[in-house]
C-alpha cells in the first residue's frame, strides 16, 4: 500500500506542476482582449501614415485640377506640375492597405476618402493670380506635411516622403519665383 500511496502522490504532484506551468505561459487564453504586440502597432501606424500621405497627394492633384478647370489659360504652366503631383500621389499610395471596416462596414470614420469617392469641391478664386497663390500655398502645405511625416516614417518610406517633399518645394518655387522670369 505504501507503493500505491507514493505513486498517487507523485502523479498528483506531476499533474499539479503541469497545471501550474500551463498557467505561466505567455499566451493569454482567458478569452479577454489581447493587446497588440509592438510589431502589430508599428505596422498599423505605418499603414495609417501611408494612407494620410497618399490622401494628401490626391488632395493636391484635385487642387491642380480645379485651378486648371477654372483657368484654362494656366494649363500649359500647371500641367507638368500636376502630372508630377499625380505621379507622387500614386507612389505614396503604393502598398497602402485598405482601411479596416468601421461599425457600419463602410470603413472607419477617420479613414481618408477612397480614390473612388469624390472629394469636396475646391473653391478657386476668379482671379488667376489669386488662384496661383492659393495653389502655391497648398503645394507648400502638402510638402510640409510630408516633411513632418518623416519623423515617424520607416526608412524606405521616409526616403520617398523626402523626395516628394523636395519636389513640392521645387513646385512651389516654380509657381512663384520661377514663373516671373
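The residue that is farthest from residue 69 (Cα to Cα), counting only those in region 96-126 that are modelled with pLDDT of 55 or more and surrounded by 11 or more Cβ atoms within 10 Å (Cβ to Cβ), is 101. Whether a residue is part of a helix (DSSP H, G or I), over 23 Å from the mean Cα position of the chain (by Cα), modelled with pLDDT of 80 or more and surrounded by 11 or more Cβ atoms within 10 Å (Cβ to Cβ) was assessed, and residue 157 does not pass this test.
In region 79-98, how many residues are closer than 15 Å to residue 138 by Cβ and in contact (Cβ under 8 Å) with a residue 60 or more places away in the chain? Before the answer, list the steps.
Filtering region 79-98 down to residues closer than 15 Å to residue 138 by Cβ leaves 81-82, 84-86, 88-89.
Within this subset, residues satisfying the condition of being in contact (Cβ under 8 Å) with a residue 60 or more places away in the chain are 81, 84-85, 88.
The qualifying residues number 4.
Considering the conditions (1) at pLDDT below 95; (2) part of a helix (DSSP H, G or I); (3) over 30 Å from residue 151 (Cβ atoms), residue 25 is excluded by exactly one of them, (2). Pairs meeting the criteria (first residue in region 37-51 and in contact (Cβ under 8 Å) with a residue 24 or more places away in the chain and on the phi < 0 side of the Ramachandran plot, second residue in a helix (DSSP H, G or I) and surrounded by 14 or more Cβ atoms within 10 Å (Cβ to Cβ), beta carbons under 9 Å, at least 6 apart or on different chains) are 46/157; 49/149; 49/157; 49/161; 50/92; 50/93; 50/157; 51/93.
The values are calculated or read from the model by the stated rules, or taken from the named source; none is laboratory data. The shown structure was predicted, so the numbers you read here are calculated from the model rather than taken from an experiment. Here the Cβ is made from the backbone with ideal geometry for all residues, glycine too, and neighbour counts use every protein chain on show.
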